[in-house]
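The values are calculated or read from the model by the stated rules, or taken from the named source; none is laboratory data. For clarity, every value in this text was computed on a predicted model and none was experimentally measured. When we count neighbours, we look across all protein chains shown, and the Cβ atoms used for this are built from the backbone with ideal geometry, even at glycine. Remember, those area values only see protein heavy atoms, side chains included, never the ligands or the DNA or RNA. Shrake-Rupley method; radii C 1.70, N 1.55, O 1.52, S 1.80 Å.
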Amino acid sequence: MSDSVEQRFTSLVQPHFAALYRAAMRLTRRRPDAEDLVQELCLRACSRLDDLAAVTNPRAWLMRALYHLFVDSTRRERRRAAAPLASDEAAGVPHSDEPGPERAAEARRMHERLAAVWDRLDAEQRALLSLHAEGHDLEELAAIFAVNKNALSARLHRARLRLAKLLAADEVEPALHLVENKR
């Protein structure tokens, strides 16, 4: 990479690395996948520095590109996945054989519960909620998702409702299992 390209890349992309990585982690939920996603974005951004320099909000441009790369990779994975995953570990669900204190066990149960509910959201809802949690305002999100603000507000509202509904259903299901087991 020449010095001028490296300087332009450093000034346009590098200030957004932390936010891009956090967004990628929320989308993929696995460190290696998040790193690969950000690396792929950087490669593409490097080849499109002129386009990136012309936009008024490079962060939104980068987040939109990150989201599209994530959607494309998810589609490729779906096409490739002919057989179900063999284990929870392969699916990215954390697992530990060591018993820990009660607090650590509760935290692990909560994490697993949230991960299971999060996985039941569709990819666009996960992306929308995670980018909104990252601090993007509605205008940035509208640019990232290429929709108007009204449509985006409706999608964000539906994503929140779906998450709340899944969390509420997840709280009821374990209680029903306890009641059934006592009979």
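What net charge do the residues around Val38 carry, taking every other residue with its C-beta under 13 Å from that of Val38, with Lys and Arg at +1 and Asp and Glu at -1?
+1
Answer rounded, prolate or oblate for segment 1-67, using the Cα gyration tensor with square roots of eigenvalues a ≥ b ≥ c: rounded when a/c is under 1.5, else prolate when a/b is larger than b/c, else oblate.
Prolate, because a/c is 1.5 or more and a/b exceeds b/c.
Would you mind computing, in nm to one decimal, how far apart the modelled labels at Tyr21 and Glu6 are, each placed 7 Å from Cα along Cα→Cβ?
Spacing of the two 7 Å Cα→Cβ label points: 2.0 nm.
What per residue convex hull volume, in Å³, comes out for segment 98-141 when only alpha-carbon positions are used?
Values: hull volume 3.7 nm³, N = 44.
So the per-residue Cα hull volume is 84 Å³.
Using a 1.4 Å probe over the heavy atoms of the protein chains, calculate the carbon and sulfur portion of the accessible area of segment 1-82 as a whole percent.
Details: 2480 of 5130 Å².
After summing per-atom areas, the C and S share lands at 48 percent.
Under 14 Å from the Cβ of Val147, count the other residues' Cβ atoms, weight Lys and Arg +1, Asp and Glu -1, and hand me the total.
Details: positive: Arg64, Lys149, Arg155, Arg158; negative: Glu124, Glu139, Glu140.
Surrounding charge for Val147 is +1.
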